[in-house]
Amino acid sequence: MAEEIERKYLVVGEFRHLAHNSMHLIQGYIASGRRTVRVRIGDSGAWLTIKGPSRNGGLSRYEWEKEIEVKEAMELLHLAEGAVIDKVRYYVEYGGHTIEVDEFFGENEGLVMAEIELQSEEESVELPAWLGREVTGEKRFYNSHLREHPYKDWSQEERV
């Protein structure tokens with residue numbers, strides 16, 4: 001069983017000049033709820049991912065992922081519920097971790113979030129100044145939620 005342990009943060013400062021790589025991603029959700037089935041197409045391939053329910057306040061969850069053919073992923077995107085997520089993911093090395101920063105476009109333009117994957121739930125993390133408030137476990141910031149409740153429709157209070 002693959003365990004995904006990560007913390008999520010809003011991005012409040014400039015980070016792009018620190019990125020060593022980036023990838024454009026399109027993803028859709030075939031099923032969502034306590035468990036999700038996601039298809040994702042990136043610059044370097046395509047993947048089918050199944051995620052289990054969140055545990056420990058959203059800090060960890062089961063994740064299974066398999067690389068699939070881009071043609072298969074394109075076909076599966078036709079089964080996606082709600083809007084397709086469009087984003088660029090930037091990879092930034094900081095404090096011994098790779099921080100994945102997602103800049104959203106389309107219906108979610110203006111939202112920029114960072115994820116830091118951990119080896120354990122107790123692992124401490126050194127945070128750069130360009131990271132803002134932690135949003136780990138806040139479901140409105142889950143990609144599967146954004147496809148039904150896009151960032152463009154959020155009030156100013158919801159965006160903080």
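Picking from residues in segment 52-72 that are among the charged types (D, E, K, R) and touching a residue at least 24 places away in the same chain (Cβ under 8 Å), the one that is nearest to Glu121 (Cα to Cα) is Arg61.
Residues checked against (1) over 24 Å from Glu107 (Cα atoms); (2) in contact (Cβ under 8 Å) with a residue 24 or more places away in the chain; (3) part of a loop (DSSP other than H, G, I, E, B):
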residue	(1), (2), (3)
Glu4	yes, yes, no
Glu14	no, yes, yes
Ser22	no, yes, no
Leu25	no, yes, no
Tyr29	no, yes, no
Arg34	no, no, yes
Ala46	no, yes, no
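Taken over segment 119-144, the criterion of being in contact (Cβ under 8 Å) with a residue 12 or more places away in the chain and closer than 22 Å to Gln27 by Cβ is satisfied by Val135, Thr136, Gly137, Glu138, Lys139, Arg140, Phe141, Asn143, Ser144. The set of residues in segment 93-133 being loosely packed, with under 15 Cβ neighbours inside 10 Å, out of contact with any Ser or Thr (no Cβ under 8 Å at 6 or more places or on another chain) and assigned to a strand (DSSP E or B) consists of Glu93, Thr98, Arg133. Of all positions in segment 67-84, at least one carries a residue that is crowded, with 16+ Cβ neighbours inside 10 Å and part of a loop (DSSP other than H, G, I, E, B). Screening Arg61 against (1) under 20 Å from Ala2 (Cβ atoms); (2) surrounded by fewer than 18 Cβ atoms within 10 Å (Cβ to Cβ); (3) not β-branched (Val, Ile, Thr) leaves a single unmet condition, (2). Evaluation of Tyr62 against the conditions (1) outside any strand (DSSP E or B); (2) at pLDDT below 95 shows that the sole unmet condition is (1).
Can you find a residue that is β-branched (Val, Ile, Thr), at negative phi, surrounded by fewer than 18 Cβ atoms within 10 Å (Cβ to Cβ) and touching a strand residue (DSSP E or B) at 6+ places or on another chain (Cβ under 7 Å) anywhere in segment 14-26? No, segment 14-26 contains no residue that is β-branched (Val, Ile, Thr), at negative phi, surrounded by fewer than 18 Cβ atoms within 10 Å (Cβ to Cβ) and touching a strand residue (DSSP E or B) at 6+ places or on another chain (Cβ under 7 Å). Taking the conditions exactly as written (surrounded by 17 or more Cβ atoms within 10 Å (Cβ to Cβ), farther than 18 Å from Ser32 by Cβ, charged (D, E, K, R) and touching a residue at least 24 places away in the same chain (Cβ under 8 Å)), does Arg89 satisfy them or not? The answer is yes for Arg89. Among the residues making up segment 104-118, those that are within 26 Å of Gln156 (Cβ to Cβ) and either basic (Lys, Arg) or in contact (Cβ under 8 Å) with a residue 60 or more places away in the chain (or both) are Val112, Met113, Ala114, Glu115.
A quick yes/no check of all residues on (1) modelled with pLDDT under 95; (2) of a type in the set (A, V, I, L, M):
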position	(1), (2)
Leu77	no, yes
Ile85	no, yes
Glu93	no, no
Val101	no, yes
Glu109	no, no
Ile116	no, yes
Ser120	yes, no
Ser124	yes, no
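Going through Glu122, Glu107 one at a time, which residue ends up being among the charged types (D, E, K, R), in contact with a Pro (Cβ under 6 Å, 6 or more places away or on another chain) and more than 19 Å from Asn21 (Cβ to Cβ)? Step through it out loud before you land on a result.
Values: Glu122 fails: in contact with a Pro (Cβ under 6 Å, 6 or more places away or on another chain).
Exactly one residue qualifies, and that residue is Glu107.
The values are calculated or read from the model by the stated rules, or taken from the named source; none is laboratory data. Because the structure is predicted, anything quoted here is derived from the model rather than measured. When we count neighbours, we look across all protein chains shown, and the Cβ atoms used for this are built from the backbone with ideal geometry, even at glycine.
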